[in-house]
Amino acid sequence: MDTEVTEIAADIFRLSTFVDEADLPMNQFLILGEEPLLFHTGMPMLFPSVSVAASKLLPLESLRWITFGHVEADESGSMNRWLAAAPRAQVAHGAMGCFVQIGYLADRPPRPLDDGEVIDVGGRRVRRIETPHVPHGWDAGLMFEETTSTLLCGDFFTAFGRPVAETDHDVVEPALAAEDLGHATALTPALGATLRGLADLEPAVLGLMHGPAYRGACATALRDLATAYDERLDAELERLRG
């Protein structure tokens, strides 16, 4: 597999590997600085390709932080391989996720992050935003790089097919089409409100885990997705109530 590298904002790089069997891109994001940070680790089978791509940007042993949205094979599956490659690195995850999962799964003790806590990697400030059960997972959360206004938004806007690296075209309709196929998003009362809260950050770039980097009207896209999910939640409640 080949991993493509694209700088989506200053010092923020998208490491993208297309997996034919899933018909999805698997993206990790590397933020450079005095204490470099990796968001998403990829699945174990992707580690050889992704680590080679990352090594073109920095010595792997200089990696300081390893983070992800929630515990899942494509987000945290290679966590311990990255820890082995980077002796100074520490996993940083939401406090709840560390308590119930990562504290037992990681080969080194993790750093629990509170909602809104910032890791200053040196020139870039990466803020943890807790989003429990949104889009799925009790431990779910996202990262927002404040300096460049880049929102690393995990599984939101997942779309099947091989994407371009960056786009300003519509990302909402492809995401809803993928949702119709996979039903990966937990329809909860908090879903729409969470997306609108993310829109209020006014991000300039959306780093999608399973899609391109989006440079269009990011806040509008988040609000449109929120509206679509609210409509789906209402329809599902009506169906279940008979």
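Inclusion of T158 among residues that are touching a strand residue (DSSP E or B) at 6+ places or on another chain (Cβ under 7 Å), polar (S, T, N, Q) and modelled with pLDDT of 95 or more is not warranted. The set of residues from the range 140-160 being among the β-branched types (V, I, T), crowded, with 21+ Cβ neighbours inside 10 Å and in a loop (DSSP other than H, G, I, E, B) comprises just one member, T158.
Residue-by-condition table, conditions (1) aliphatic (A, V, I, L, M); (2) under 24 Å from G97 (Cβ atoms); (3) free of Cβ contacts under 8 Å to residues at least 24 places away in the same chain:
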residue: P135; (1), (2), (3): no, yes, no
residue: T148; (1), (2), (3): no, no, no
residue: D155; (1), (2), (3): no, yes, no
residue: H169; (1), (2), (3): no, no, no
residue: H183; (1), (2), (3): no, yes, yes
residue: L208; (1), (2), (3): yes, yes, no
residue: G211; (1), (2), (3): no, yes, no
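Among the residues of the range 11-46, those identified as open to solvent by 10 Å² or more (accessible area, probe 1.4 Å), of a type in the set (A, V, I, L, M, F, W, C) and out of contact with any Ser or Thr (no Cβ under 6 Å at 6 or more places or on another chain) are F13, F18, A22, L24, L32, M43, M45.
Of the residues that make up the range 189-196, is at least one of a type in the set (A, V, I, L, M), within 16 Å of the chain's Cα centre (by Cα), under 19 Å from F13 (Cβ atoms) and open to solvent by less than 30 Å² (accessible area, probe 1.4 Å)? Looking for residues that are of a type in the set (A, V, I, L, M), within 16 Å of the chain's Cα centre (by Cα), under 19 Å from F13 (Cβ atoms) and open to solvent by less than 30 Å² (accessible area, probe 1.4 Å), one finds none in the range 189-196, hence no.
Please identify the pairs in which a residue from the range 78-89 that is farther than 12 Å from E61 by Cα has its Cβ atom under 9 Å from the Cβ atom of a residue that is open to solvent by 80 Å² or more (accessible area, probe 1.4 Å) and assigned to a helix (DSSP H, G or I), counting only partners at least 6 apart or on another chain. Between residues of the range 78-89 that are farther than 12 Å from E61 by Cα and residues that are open to solvent by 80 Å² or more (accessible area, probe 1.4 Å) and assigned to a helix (DSSP H, G or I), the close pairs are S78/M45; M79/L105; N80/L105.
Let's see how each residue does on (1) over 20 Å from A178 (Cβ atoms); (2) among the hydrophobic types (A, V, I, L, M, F, W, C); (3) under 17 Å from the mean Cα position of the chain (by Cα):
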{"residue": "M1", "(1), (2), (3)": "yes, yes, no"}
{"residue": "T6", "(1), (2), (3)": "yes, no, yes"}
{"residue": "A9", "(1), (2), (3)": "yes, yes, yes"}
{"residue": "L32", "(1), (2), (3)": "yes, yes, yes"}
{"residue": "M43", "(1), (2), (3)": "no, yes, yes"}
{"residue": "V52", "(1), (2), (3)": "yes, yes, no"}
{"residue": "W65", "(1), (2), (3)": "yes, yes, yes"}
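Looking only at the range 58-92, count every residue that is assigned to a helix (DSSP H, G or I) and in contact with a helix residue (DSSP H, G or I) (Cβ under 6 Å, 6 or more places away or on another chain) and tell me the total.
Taking the range 58-92 and keeping what is assigned to a helix (DSSP H, G or I), we get 60-62, 73-76, 79-85.
Cutting the leftovers down to in contact with a helix residue (DSSP H, G or I) (Cβ under 6 Å, 6 or more places away or on another chain) gives us 60, 81, 85.
Going through the range 58-92 one residue at a time, the tally reaches 3.
Answer yes or no as to whether P203 is part of a helix (DSSP H, G or I) and either of a type outside the set (F, W, Y) or closer than 14 Å to T150 by Cα (or both). No; evaluated as a whole, the condition is false for this residue. Applying the criterion of being of a type in the set (A, V, I, L, M, F, W, C) and touching a strand residue (DSSP E or B) at 6+ places or on another chain (Cβ under 8 Å) to the residues of the range 114-139, the residue that is surrounded by the fewest Cβ atoms within 10 Å (Cβ to Cβ) is V118.
Residue-level check: of (1) outside any helix (DSSP H, G or I); (2) over 14 Å from M143 (Cβ atoms); (3) touching a residue at least 24 places away in the same chain (Cβ under 8 Å), E21 misses just (3). Taken residue by residue, the range 146-167 has at least one member that is on the phi > 0 side of the Ramachandran plot and more than 16 Å from the chain's Cα centre (by Cα).
Is it true that Y229 is of a type in the set (S, T, Y), surrounded by 12 or more Cβ atoms within 10 Å (Cβ to Cβ) and more than 14 Å from P135 (Cβ to Cβ)?
Numbers: of a type in the set (S, T, Y): yes; surrounded by 12 or more Cβ atoms within 10 Å (Cβ to Cβ): yes; more than 14 Å from P135 (Cβ to Cβ): no.
The answer is no for Y229.
Scan the range 101-140 residue by residue and report those that are among the basic types (K, R) and within 14 Å of the chain's Cα centre (by Cα). If the condition is that a residue be among the basic types (K, R) and within 14 Å of the chain's Cα centre (by Cα), then R127, R128 are the ones that fit.
The values are calculated or read from the model by the stated rules, or taken from the named source; none is laboratory data. Keep in mind the model is a prediction, meaning the values are calculated, not measured. So basically every Cβ, Gly included, is an ideal-geometry build from the backbone, and we count neighbours across all protein chains shown. In case anyone asks, the SASA skips ligands and DNA or RNA and just uses the protein heavy atoms, side chains included. Shrake-Rupley method; radii C 1.70, N 1.55, O 1.52, S 1.80 Å.
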